[in-house]
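The values are calculated or read from the model by the stated rules, or taken from the named source; none is laboratory data. Note that the structure is predicted; figures quoted are calculated from it, not measured. Backbone-built Cβ (ideal geometry, glycine too); neighbour counts: all protein chains shown.
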């Protein structure tokens, strides 16, 4: 046995379930790999760095969680499951409704403009949206910040930054959204391991045009933040530990230093 339900993981997190018909017009379910899961080091049966995100949300009892950018909805479905599991493990109480009850909400912000990669969940009947029911904001992260989060006076318990990957984009997202963190808020920034970019190998999941210097901007921001005494920083890099196995493109965790 394993602590993780591998069938549940494969059917809901590392794959989308797509209904198709065979030659006899009978319906069947096909499991399709979630796009960009490889950037998290995830495979059919492992969450990769998604397990870190799940664990932090669960441990910190995070209710309001925000994902900036998500090509396949991989991280926000993990965010939602962590909140649901907090209820089922009797930490959260009240109404179990995914995004309108007492267990918090998962926001996904994406401009859906094809810059930096396409999303596969724009339609409301996508597997991701009809299974995990996120609150979706189809706009730039900057517009969403001012027009939604600030206007609604929303405080964020867990923020995942994975939208624009230029230094300017990542820095702007960090500087804006870090202003509305809750007192114990956590930030994760994806694609921070510059070594992955230098060594990655094209495979059936990693196409040659899928990986275009995506770590440069996030890496540069983290190097800069190391000089900022306001933040505690921890890099989770596993590239090269098992050279023949998938690895994450890097996940960096940040929290404000406690005085």
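Looking only at segment 5-15, decide whether some residue is assigned to a strand (DSSP E or B), in contact (Cβ under 8 Å) with a residue 60 or more places away in the chain, surrounded by 20 or more Cβ atoms within 10 Å (Cβ to Cβ) and touching a helix residue (DSSP H, G or I) at 6+ places or on another chain (Cβ under 9 Å).
Here is the first cut: in segment 5-15, the residues assigned to a strand (DSSP E or B) are 15.
With the extra rule that they be in contact (Cβ under 8 Å) with a residue 60 or more places away in the chain, the set shrinks to none.
The answer is no, given that none of the residues of segment 5-15 is assigned to a strand (DSSP E or B), in contact (Cβ under 8 Å) with a residue 60 or more places away in the chain, surrounded by 20 or more Cβ atoms within 10 Å (Cβ to Cβ) and touching a helix residue (DSSP H, G or I) at 6+ places or on another chain (Cβ under 9 Å).
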Practice item. Filter segment 242-253 for residues that are crowded, with 23+ Cβ neighbours inside 10 Å and outside any loop (DSSP other than H, G, I, E, B) and give the result. Key: 248, 251
Point to revise | Options 115, 170: the member that is in a loop (DSSP other than H, G, I, E, B) and over 25 Å from residue 18 (Cα atoms) | key: 115
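Please work out which residue is surrounded by the most Cβ atoms within 10 Å (Cβ to Cβ), limiting yourself to segment 143-157 and to residues that are touching a helix residue (DSSP H, G or I) at 6+ places or on another chain (Cβ under 9 Å) and in a loop (DSSP other than H, G, I, E, B).
Within segment 143-157, the subset touching a helix residue (DSSP H, G or I) at 6+ places or on another chain (Cβ under 9 Å) is 145-146, 149-150, 153-157.
Cutting the leftovers down to in a loop (DSSP other than H, G, I, E, B) gives us 153-155.
On the way: 153: 7, 154: 15, 155: 13.
Out of the qualifying residues, it is 154.
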Exercise for review: Out of 64, 140, report the one residue that is within 28 Å of residue 235 (Cβ to Cβ), more than 16 Å from the chain's Cα centre (by Cα) and surrounded by fewer than 23 Cβ atoms within 10 Å (Cβ to Cβ).
Suggested key: 140
Check your understanding: Any idea which of (1) within 21 Å of residue 82 (Cβ to Cβ); (2) under 15 Å from the mean Cα position of the chain (by Cα); (3) without any contact (Cβ under 8 Å) to a residue 60 or more places away in the chain; (4) assigned to a helix (DSSP H, G or I) is the one residue 130 doesn't satisfy?
Key -> (2)
Review point. Within segment 133-142, which residues are closer than 28 Å to residue 55 by Cβ, in a loop (DSSP other than H, G, I, E, B) and out of contact with any helix residue (DSSP H, G or I) (no Cβ under 6 Å at 6 or more places or on another chain)?
Key: 133
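Residue 89: in contact with a strand residue (DSSP E or B) (Cβ under 8 Å, 6 or more places away or on another chain) and surrounded by fewer than 21 Cβ atoms within 10 Å (Cβ to Cβ), yes or no?
No; evaluated as a whole, the condition is false for this residue.
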Revision key, fill the gap. When every residue in segment 167-216 that is at pLDDT 95 or above and closer than 29 Å to residue 244 by Cα is compared, the one surrounded by the most Cβ atoms within 10 Å (Cβ to Cβ) is 190
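Going by the structure shown, is residue 160 closer than 29 Å to residue 226 by Cα, in contact (Cβ under 8 Å) with a residue 40 or more places away in the chain and assigned to a loop (DSSP other than H, G, I, E, B)?
On the way: closer than 29 Å to residue 226 by Cα: yes; in contact (Cβ under 8 Å) with a residue 40 or more places away in the chain: yes; assigned to a loop (DSSP other than H, G, I, E, B): no.
For residue 160, the condition - closer than 29 Å to residue 226 by Cα, in contact (Cβ under 8 Å) with a residue 40 or more places away in the chain and assigned to a loop (DSSP other than H, G, I, E, B) - is not met.
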Practice item. Report yes if residue 106 is over 16 Å from residue 188 (Cβ atoms), within 17 Å of the chain's Cα centre (by Cα) and either surrounded by fewer than 22 Cβ atoms within 10 Å (Cβ to Cβ) or touching a residue at least 12 places away in the same chain (Cβ under 8 Å) (or both), otherwise no. Key: no
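Being within 21 Å of the chain's Cα centre (by Cα), within 19 Å of residue 156 (Cβ to Cβ) and exposed (fewer than 14 other Cβ atoms within 10 Å of the Cβ): is that true of residue 59 here?
Details: within 21 Å of the chain's Cα centre (by Cα): yes; within 19 Å of residue 156 (Cβ to Cβ): yes; exposed (fewer than 14 other Cβ atoms within 10 Å of the Cβ): yes.
Against the criterion (within 21 Å of the chain's Cα centre (by Cα), within 19 Å of residue 156 (Cβ to Cβ) and exposed (fewer than 14 other Cβ atoms within 10 Å of the Cβ)), residue 59 qualifies.
Each row is one residue, and each column tells you yes or no for (1) out of contact with any strand residue (DSSP E or B) (no Cβ under 8 Å at 6 or more places or on another chain); (2) over 19 Å from residue 137 (Cβ atoms); (3) in a helix (DSSP H, G or I).
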site	(1), (2), (3)
25	yes, yes, no
35	yes, yes, no
48	no, yes, no
56	no, yes, yes
59	yes, yes, yes
76	no, no, yes
